[in-house]
1. Pairs of lysines 8 or more apart, or on different chains, with alpha carbons under 25 Å: count those in the chain, would you?
2. In whole Å, what is the distance between the alpha-carbon centres of region 26-81 and region 343-367?
3. What list of ³J(HN,Hα) couplings, whole Hz, do you get for region 284-299 from phi and the Karplus terms 6.51, -1.76, 1.60, once you set θ to phi - 60° and write x for glycine and proline?
4. Using +1 at the Cβ of each Lys and Arg and -1 at the Cβ of each Asp and Glu in the chain, identify which of Leu317, Ala32, Thr149 lies farthest towards the dipole's positive end.
5. Kirkwood Rh over Cα pairs of region 24-84 into Stokes-Einstein at 4 °C, 1.567 mPa s: D in µm²/s?
6. Which of Ala99, Ala269, Ala245 moves the most in a Gaussian network model of the chain with Cα springs under 10 Å?
7. Using protein chains only and a probe of 1.4 angstrom, how many square angstrom of Lys172 are accessible, to the nearest 10?
8. In the Gaussian network model of the chain, springs joining C-alpha atoms below 10 Å, which of Glu46, Glu56, Glu395 carries the largest mean-square fluctuation?
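The values are calculated or read from the model by the stated rules, or taken from the named source; none is laboratory data. The structure displayed is predicted, hence computed values, not measured ones. When we count neighbours, we look across all protein chains shown, and the Cβ atoms used for this are built from the backbone with ideal geometry, even at glycine. Surface areas here come from the heavy atoms of the whole protein model, side chains and all, with no ligands, DNA or RNA. Shrake-Rupley method; radii C 1.70, N 1.55, O 1.52, S 1.80 Å.
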Amino acid sequence: MPTESPFLLIGPFRQLLSLADLPDRGPISDGALRPLPEGGLLLRGEQIYRAGPFGELMKEARALAASVVELTDDFVALPGWVDAHTHLCFAGSRARDYALRNAGQTYLEIAQAGGGIWDSVQQTRQATQQELVELTIQRANRHLRNGVTTIEVKSGYGLSVAEELKQLRAIKAAGQQVAADLIGTCLAAHTLPRDYSGTPEAYLAEMAELLLPVLREEGLAHRVDAFLEQGAFSAEQIAPYFAEAHRLGFQLTVHADQFHPFGSRAAVAFGALSADHLEASGPAEIQMLARSSVVPVALPGASLGLGCAFAPARRLLDAGASLAIASDWNPGSAPMGDLLAQAAILGTFEKLTAAEVLAGITYRAAGALGCADRGRLQPGLLADFLLFPGRSYQEILYQQGQLKPAQVWKRGKCVHSSTRPA
Ligand code: NIG
Ligand code: FE
């Protein structure tokens with residue numbers, strides 16, 4: 001019996017944006033995007049084998065006995081979106097917080113009064129693990145239809161050993177049932193739970209001793225996050241917890257400078273992969289981040305949900321930093337959960353080029369997750385890509401999230417098509 005060729009050619013695309021030669025850090029002009037007209041992608045299994053002119057790839061495809069998907073409509077192809085920061089595994093709603101904020105209360109005031117994160121902790125604790133699996137699948141699939149092929153998902157609404165495990169097991173189980181890759185992150189250091197009678201130091205020591213080793217054993221997460229903020233944890237409190245997480249081999253990431261500028265310093269000191277939020281970062285923090293290897297992650301969805309300033313994305317890029325853009329999808333500060341719309345809007349307010357925005361939700365976001373295997377369309381990387389209808393990539397950001405991908409390809413397979421069943 002003839003064996004099926006592992007090769008598949010797809011194209012031609014009116015424009016192919018491989019993002020292959022764009023820089024990892026600093027500003028990028030749109031001229032650097034250099035869309036390839038009439039491009040194609042030759043896949044081998046889950047990976048890109050070659051990206052180039054469709055006509056040339058067709059000759060190679062014939063020699064390799066590749067299957068061919070020849071497109072007749074107009075499409076623009078580019079890498080799948082990477083959402084490097086979400087809390088989309090939660091139960092319940094915080095519509096009440098949203099109304100209170102719009103009536104004049106602040107996020108921190110609502111949290112101090114027992115709303116905020118603690119409210120979502122209680123609602124999430126009430127859900128069964130299976131209910132959390134289903135909610136996570138629903139939201140991950142909505143993200144996938146919008147083009148997000150890699151999704152980081154944090155815990156942090158459990159805040160006890162058992163409840164954090166429930167959340168992270170739900171994230172892992174959901175990941176096995178969706179096409180997108182889900183990357184779990186432990187956020188047990190989200191805030192001190194109100195039902196914990198000891199000190200913040202004792203809580204973090206307990207999590208380091210009883211939770212983190214289990215995460216390694218069960219393969220539930222290889223990343224640890226902390227919310228460094230007034231009313232959450234201080235840099236001093238987090239130091240021993242991060243040191244232990246680092247010793248156990250976890251990658252570190254920080255919720256930094258959301259309302260007060262102190263978390264980014266800890267992110268740099270601990271060699272974190274990323275520092276996320278940064279709405280309150282000033283010139284000193286911007287310079288410090290730009291001189292470090294930490295990837296700054298802007299979360300415009302939190303600015304839109306809270307009515308706050310955006311992170312200083314333009315100034316970070318001009319200082320020479322990288323910049324990822326993520327949705328922060330969560331029930332409190334960022335309920336919208338539309339990465340493309342938020343990234344496009346950040347671009348208009350912060351004066352980011354299309355290249356900078358697209359880099360921020362593809363390979364620079366992959367960099368924030370330490371995933372070197374995705375985010376660009378080049379040989380050896382994952383065949384995660386999107387086909388948008390039309391003849392120009394400029395339409396994608398211009399329509400601010402309303403133009404949806406016609407096809408979403410994940411690991412070499414079409415997993416969503418708006419025109420025919422996937
Ligand atoms: O990234 N700032 C802390 N954590 C989340 C919000 C979580 C919540 O309000 O439920 C954030 O914005
Ligand atoms: Fe967050």
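1. Lysine pairs meeting both conditions in the chain amount to 9.
2. 22
3. Here the 3J(HN,Hα) series is 5, 5, 4, 5, 5, 5, 5, 8, 9, 9, 6, 8, x, 10, 7, 10 Hz.
4. Ranked along the dipole, the leading option is Ala32.
5. Roughly 94 µm²/s, to the nearest whole number.
6. Ala99
7. 80
8. The residue with the greatest mean-square fluctuation here is Glu56.
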